[in-house]
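Some notes on the structure that comes next.
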Amino acid sequence: MTDTKTSAKRHAVGDPASARWTDEERAAMKDRAEELKAAKRRGARASKTDGEGDVLAKIAGMPEPDRSMAERIHQIVKAGAPDLSSRTWYGMPAYANEDGKVVCFFTPASKFKERCATFGFNAAANLDDGNMWPTSFALKELAPADEERIADLVRKAVS
């Protein structure tokens, strides 16, 4: 007689079967590899504006409502932090400082089949506030108050 129950060992931490990437995660990693190859090809001739076209193309290819939010966030970031350079990061619009470190990014809901988009900040952002602070915000839509809050956070992130 065979036991049809799945062994606890099969789902243990570190088990390859339980550590598989989703299709969306694999696609994001593939996007990142392509971004790194493109940056290497550009080499020393790369300029701050090289990634702008890539970001605008990614935004244009997004379904609604992600596209509208990404377009507006792009405008807000460019206006509030003109020193940040636009680039794609894991296939998402992102904005990096002079060192090339991503400060903030937009993740469309459609990218990982989530119920909401997110706007997030990485460690390069100067948002430290006490012992705990938010680094990512869920977005269902952008109201004027939300846009102003994002603008304030972006300005603080690069201060």
Taking a 23 Å limit on the Cα-Cα distance, which of the listed pairs LYS101/LYS156; LYS37/LYS140; LYS40/LYS113; LYS58/LYS113; LYS58/LYS140; LYS37/LYS111 fall beyond it? LYS37/LYS140; LYS40/LYS113
The stretch 15-137: C-alpha gyration tensor shape, a/c 1.5 cut-off, then a/b vs b/c: rounded
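Rule-based calculations on the coordinates, nothing more; no lab input. Just so it is clear, the structure is predicted and the values come from calculations on it, not from any experiment.
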